[in-house]
Amino acid sequence: MRRILLETLLRAPLTEPAPPDDDAELRALGLELKADVSALFGGSLSIRMVDAGSCNGCELEIHALSNPYYDLERFGLKFVASPRHSDVLLVTGPVTRNMREALARTYDATPSPKWVVAAGDCALNGGVFAGGAAVVGGVGEVVPVALHIPGCPPTPLQLLKGLLALTRGRRDPSLNK
């Protein structure tokens, strides 16, 4: 026991290296996103995140968007607590039977024009949970989806790229009225 304790105290910490101080891709992506958001929405894009039954892997990556490194708000994007204040519904996970009605009501409460973004593989088609007794399927089974961001889970950079694709007009918000 003493040997294990001594080895633990003398060993260097097992941590991931810090991200580089200046991520050129993130900065360039952010500037493009900020310009699009300013032009389309007058300065800010409001996002309501809905967990429709996920394993929380996607939520961890989405929450990372608010940390000091990614700092989503500097690009004009913000998370809001009410669907009545949102432009985008960012939905994660397969839709469970218990969340089907809640997701539909959240969609109905969001003012038009609105976009629905399905984040992660489970949101597309149920992922590893597809076919389960408690799972309805992907987000598209309940509400119309404008954009799908693949990944299990998608990284914060992939999420930003997806939101940029959404604001670039690659998806028409009038499809989701």
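Data for the structure
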| item | result |
| --- | --- |
| Accessible surface of segment 64-177 [probe 1.4 Å, protein heavy atoms]: carbon and sulfur percent | 52 percent |
| Radius 12 Å from Cβ of Val136, net charge of other residues (Lys, Arg +1; Asp, Glu -1) | 0 |
| Nearest-20 debye value, segment 44-129 charge dipole, Cβ charges on Lys, Arg, Asp, Glu | 280 debye |
| 5 Å-binned pair-distance histogram of segment 31-132 (Cα, whole percent) | 3, 13, 20, 23, 20, 12, 7, 2, 0 |
| Whole-Å semi-axes of segment 88-155's equivalent ellipsoid (Cα gyration tensor) | 19, 15, 8 |
| Radius 11 Å from Cβ of Ala123, net charge of other residues (Lys, Arg +1; Asp, Glu -1) | -3 |
| Label assignment, volume of the Cα convex hull per residue in Å³ derived from the structure, set [x] 144; [y] 117; [z] 179 | [x] |
| FRET efficiency for Phe41 and Ala133, using Cβ-Cβ distance with R0 set to 35 Å, rounded to 0.05 | 0.30 |
| Radius 10 Å from Cβ of Pro153, net charge of other residues (Lys, Arg +1; Asp, Glu -1) | -3 |
| For the chain: lysine pairs under 17 Å (alpha-carbon distance), excluding those fewer than 8 apart on one chain | 5 |
| Tail weight of P(r) past 13 Å, computed on alpha-carbon pairs of segment 1-79, percent | 77 percent |
| Helical mean residue ellipticity (222 nm; -39500 (n - 2.57) per DSSP H run of 4+; nearest 500) of the chain | -10000 deg cm²/dmol |
| Relative contact order, percent, segment 1-151 [alpha-carbon distance under 8 Å, six or more residues apart] | 20 percent |
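The values are calculated or read from the model by the stated rules, or taken from the named source; none is laboratory data. Computed from a predicted structure; not experimentally measured. Heads up, the Cβs are rebuilt from the backbone with ideal geometry, glycines too, and the neighbour counts pull from every protein chain shown. With ligands, DNA and RNA removed, areas are computed over all heavy atoms of the protein, side chains included. Shrake-Rupley method; radii C 1.70, N 1.55, O 1.52, S 1.80 Å.
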